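Okay, so here's the structure we're looking at.
The values are calculated or read from the model by the stated rules, or taken from the named source; none is laboratory data. Quick caveat, the model's predicted, so the values are computed rather than measured. Neighbour counts are summed over all protein chains in view; Cβ atoms, including those assigned to glycine, are modelled from backbone coordinates with ideal geometry.
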Amino acid sequence: MHIEERVQIAVPPVVIDQIWSEVDQWHLWDPDTKKAQLGGSFAVGAKGRIVPRKGMGVPMVVTERTEGRSFTVEGYIPLFRMHFEHTVIPIATGSEVTHRVWFSGLLAFLFGPNVAKQVRQGLPRTMQSLKIYAEQRHECLKCDA
């Protein structure tokens, strides 16, 4: 089961990548995130914790990172993994950002449907919030230059 959402954002991919790398600021653009933190640099193997607005916090680890292009984090509880893949590609008007979510582990059949329902409801809102945040941030940076 894969859940995917895309949005076009009028900023270069480097702006999106910078926003992604500021893990402790994810709550500013992701309305479903209460708090996120990462021990160390934003790189493969870095571990941290993410706390959603609803539900319990879970440990997370960066499992893929290509600077300027993508990252994937895995949230986990025993026997259940949540994979959150984020990609950005350049387009004529700025960037196309895609977020994909899927589940794995022995208990995916049990927890997956409920978590998927929450993700399907929240992901479009999160993507629009990222768009607004990134475009406002980029506009402010241009004004300061």
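Applying the criterion of being assigned to a strand (DSSP E or B) and among the basic types (K, R) to the residues of the stretch 24-69, the residue that is nearest to T126 (Cα to Cα) is K34. Being surrounded by 17 or more Cβ atoms within 10 Å (Cβ to Cβ), of a type in the set (A, V, I, L, M, F, W, C) and modelled with pLDDT under 95 is a condition met by no residue of the stretch 29-37. Just a yes or no: is a residue in the stretch 96-110 at pLDDT 95 or above and over 12 Å from the mean Cα position of the chain (by Cα)? Scanning the stretch 96-110 turns up at least one residue that is at pLDDT 95 or above and over 12 Å from the mean Cα position of the chain (by Cα). If you go through the stretch 38-57 and keep only what is at pLDDT below 95 and surrounded by fewer than 16 Cβ atoms within 10 Å (Cβ to Cβ), you end up with G39, G40, S41, V51, R53, K54, G55, M56, G57.
Just to verify a result, which residue in the stretch 16-28, among those that are under 11 Å from the mean Cα position of the chain (by Cα) and under 20 Å from V119 (Cα atoms), is surrounded by the fewest Cβ atoms within 10 Å (Cβ to Cβ)? This residue is H27.
V119 falls short on exactly one of the conditions (1) surrounded by fewer than 18 Cβ atoms within 10 Å (Cβ to Cβ); (2) at pLDDT below 90; (3) aliphatic (A, V, I, L, M), and that condition is (1). Given the criteria surrounded by 18 or more Cβ atoms within 10 Å (Cβ to Cβ) and either in contact with a helix residue (DSSP H, G or I) (Cβ under 6 Å, 6 or more places away or on another chain) or in contact (Cβ under 8 Å) with a residue 24 or more places away in the chain (or both), does G68 qualify? Answer is no for this residue.
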